[in-house]
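First comes the structure, then the notes that go with it.
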Amino acid sequence: MKSGETLADIGAGSGYFSFRLARKVGDSGRVYAVDINSDMILYMNRYIRDKKIKNVTTILSAPDDPLLTDASINRFFICNTWHHIQNRPRYMALMKKILKQGGQVVILDYKKKQLPVGPPPEMKIARREVISEMEAGGFKLAKDHDFLPYQYFLVFAVK
């Protein structure tokens with residue numbers, strides 16, 4: 001990511017990544033911290049107010065719709081959340097519409113096996129399944145990083 005980009009942090013939770021990403025995109029960029037949990041949105045809104053953060057906007061979304069406008073996002077960042085998204089084919093179709101030309105989807109999620117961290121294996125989605133879903137949804141794998149011990153790190157572009 002670079003200065004000036006517009007990012008969507010899907011499943012932002014407490015904003016751990018949103019606020020770090022906001023520093024990367026700078027004052028000319030924007031991060032949309034998207035979550036379905038109103039308590040998390042409230043927590044982030046207080047943090048944004050108290051820290052006077054100007055480039056993070058929270059969005060209370062639906063489980064199957066990030067509620068972002070078409071052609072508004074350079075990059076989706078989805079960490080440990082893809083397995084929670086309901087109706088992923090619909091979500092992917094929406095992401096394609098929301099992405100700007102040349103945009104990307106970054107997915108980090110837990111490997112589907114017993115690990116000392118993360119949810120139980122039955123809640124996880126295997127790396128190959130995510131790739132298959134994304135390809136079926138009109139995306140292609142652009143990068144596959146393997147430096148994380150417990151997670152896969154995949155970057156997709158629109159086909």
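Return yes when Gly118 is touching a residue at least 24 places away in the same chain (Cβ under 8 Å), of a type outside the set (A, V, I, L, M) and at positive phi and no when it is not.
Answer is yes for this residue.
How do the pairs read when you match residues in the range 68-81 that are surrounded by fewer than 20 Cβ atoms within 10 Å (Cβ to Cβ) with residues anywhere that are among the basic types (Lys, Arg), using Cβ under 8 Å and keeping only pairs 6 or more apart or on different chains?
If the second residue must be among the basic types (Lys, Arg), the pairs left are Asp70/Lys97; Ala71/Lys97; Ala71/Lys100; Ser72/Lys100.
Any residue in the range 143-154 that is hydrophobic (A, V, I, L, M, F, W, C) and farther than 15 Å from Thr81 by Cβ?
Within the range 143-154 (the criterion being hydrophobic (A, V, I, L, M, F, W, C) and farther than 15 Å from Thr81 by Cβ), the answer is yes, since at least one residue qualifies.
Could you figure out which of (1) assigned to a loop (DSSP other than H, G, I, E, B); (2) more than 27 Å from Arg30 (Cβ to Cβ); (3) touching a helix residue (DSSP H, G or I) at 6+ places or on another chain (Cβ under 7 Å) isn't true of Glu133?
(1)
If Gly103 satisfies all but one of (1) more than 13 Å from Gly138 (Cβ to Cβ); (2) at pLDDT 95 or above; (3) not hydroxyl-bearing (Ser, Thr, Tyr), what's the number of the condition it fails?
(1)
Checking the conditions here, which among Ala22, Ala12 is within 27 Å of Lys112 (Cα to Cα) and either touching a residue at least 24 places away in the same chain (Cβ under 8 Å) or over 13 Å from the mean Cα position of the chain (by Cα) (or both)? Steps first, please.
Numbers: Ala22 fails: within 27 Å of Lys112 (Cα to Cα).
Only one candidate passes the filter, namely Ala12.
Pull up the range 15-47, narrow it to residues that are surrounded by fewer than 20 Cβ atoms within 10 Å (Cβ to Cβ), touching a strand residue (DSSP E or B) at 6+ places or on another chain (Cβ under 9 Å) and hydroxyl-bearing (Ser, Thr, Tyr), then point me to the one that is nearest to Ile59 (Cα to Cα).
Ser38
Go through (1) open to solvent by 60 Å² or more (accessible area, probe 1.4 Å); (2) not in a loop (DSSP other than H, G, I, E, B) one by one and return the number of the condition Lys113 breaks.
(2)
The values are calculated or read from the model by the stated rules, or taken from the named source; none is laboratory data. What you see is a predicted model; the values in this text were computed from it and never measured. Counting neighbours? That spans all protein chains shown, and the Cβs are built from the backbone with ideal geometry, glycine included. We work out accessible area using only protein heavy atoms, side chains counted, and drop any ligands, DNA or RNA first. Shrake-Rupley method; radii C 1.70, N 1.55, O 1.52, S 1.80 Å.
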